1. Residue by residue through B:179-192, how many Cβ atoms from other chains fall within 10 Å of the Cβ on average?
2. First check a/c for chain A, with a ≥ b ≥ c the square roots of the eigenvalues of its C-alpha gyration tensor; if it is under 1.5, answer rounded, and if not, answer prolate when a/b is larger than b/c or oblate otherwise.
3. Count charges around B:Asp211 for me, please; just the other residues with Cβ under 11 Å from its Cβ, Lys/Arg as +1, Asp/Glu as -1.
4. Take each complete run of DSSP H in chain B, measure how far its Cα atoms stretch along the helix's own axis, and keep only those covering 24 Å or more with mean Kyte-Doolittle hydropathy at least 0.5; list them.
5. Sum up the charges of everything whose Cβ sits under 15 Å from the Cβ of B:Asn38, counting Lys and Arg as +1 and Asp and Glu as -1, but leave B:Asn38 out.
6. In segment B:112-198, what GluC sites (Glu not before Pro) fall in a loop by DSSP, with at most 14 other Cβ atoms inside 10 Å?
7. To check you understand DSSP bridge types, tell me what percent of the beta bridges within the protein assembly as shown (both residues inside) are antiparallel, rounded to 5.
8. Between rounded, prolate and oblate, where does segment B:52-135 land on the alpha carbon gyration tensor, with a ≥ b ≥ c its root eigenvalues, rounded for a/c under 1.5, else prolate if a/b exceeds b/c?
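Each value in this text was obtained by applying a stated rule to the coordinates, not by laboratory testing. Since the model is a prediction, treat every value here as computed from it, not as a measurement. Reconstructed Cβ throughout: ideal geometry from the backbone, glycine too, with neighbour counts over all protein chains shown.
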Amino acid sequence: MSEENIEEIKKEIAIERLRQAPSTIKISFGNNGGFMNRDEMIKQVLDNTETGKKIINLQLEYLKAFKKGILAGG
Amino acid sequence: MACILFSRPADDVTLNYLYYYSKELVNLSNSLGHKTINKEKEKANKNTILSLIINQKPILIMFNGHGSSEVICGHNQEVIVDSKENPEVLKNSITYALACSSALILGLKSIEKNAICFIGYKSDFALGKDPDSEASPRYDKVAKLFLEPSNILVSLLLKGNNVRKSIEKAKEEMMKNIWYLQTTNSFPEAIHYAPFLFSNYSSLVPLGNEDASINND
């Protein structure tokens, strides 16, 4: 599988995870000073912005942490 | 008596949250008898903050603000510390930057220039907001989960704990809050905030001397 395909799959995973969130979620992430809702975050990912790339990365890192058991305890 | 400097701009919604939450740290610093210098809103500007750092030599500096891998900003996104221009201003201080990504380059440069310790984030700092709070930090149950761990970190530093212990406790609180977000049914967005708080957890790092405290400069 090419690196490009892997990046596309990562993007799809991040978008699918964001789509599962209620549209009302609000996150400030980065330097624009405001809060993004779900659809604005998805747009950042689809548009390949720097913020979008960071959102993909944090969603993937979260899943990896689950796999490693880092987030398994209370 | 330790000298503590706070830079607290508040010129957009996100910064207003940081401003609100850090107010209790200014009060704590005062109540502990530290020489507390609080520059907020438009007074959190480059000239004022740099002049205070040079003349007052604070042992602990807390910056709220926007940032990047190379800079920390004040009011109106004016760059206060820049890895290419003046990282040496942080020498002999413990700095905590509640700002995006500044641990990546600026933090390292400041350590090269004899900062005692730089505590910051390697990635963008994420802040969740309760959709029902109408941007009122006081009533925002989600923002509290993101910002209280940061306050624990600074509170412990103000009380004389070393950097290592202060970060450890802040991370414990973050993990507790992540677990809460993963398991609570009290609001439907909860679990979807967890990856963002985990990003803060993962990217919070100390650079330099982790044994440092405001008591052993």
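1. Numbers: counts 4, 1, 0, 4, 1, 0, 0, 0, 2, 4, 8, 2, 2, 9.
Per-residue shielding by partner chains comes out at 3.
2. On the way: a/c = 1.81, a/b = 1.13, b/c = 1.60.
Judged from the Cα gyration tensor, chain A comes out oblate (a/c at least 1.5, b/c at or above a/b).
3. Working: positive: B:Arg164, B:Lys165; negative: B:Glu210.
Counting the neighbours of B:Asp211, the net charge comes to +1.
4. Values: long enough: B:13-31 (28 Å, -0.14); B:141-158 (25 Å, 1.24); B:163-183 (30 Å, -0.89).
Sorted by number, the helices that extend far enough and score high enough are B:141-158.
5. Details: positive: B:Arg8, B:Lys23, B:Lys35, B:Lys39, B:Lys41, B:Lys43; negative: B:Glu24, B:Glu40, B:Glu42.
Surrounding charge for B:Asn38 is +3.
6. Values: sites: B:Glu112, B:Glu134, B:Glu168, B:Glu172, B:Glu173, B:Glu189; in loops: B:Glu134, B:Glu189.
Within segment B:112-198, the qualifying GluC sites (Glu not before Pro) (loop, at most 14 other Cβ atoms within 10 Å) are B:Glu134.
7. Working: 14 of 32 bridges.
Counting only bridges with both partners in the protein assembly as shown, antiparallel ones make up about 45 percent.
8. Values: a/c = 2.11, a/b = 1.81, b/c = 1.17.
Note, shape of segment B:52-135 comes out prolate.
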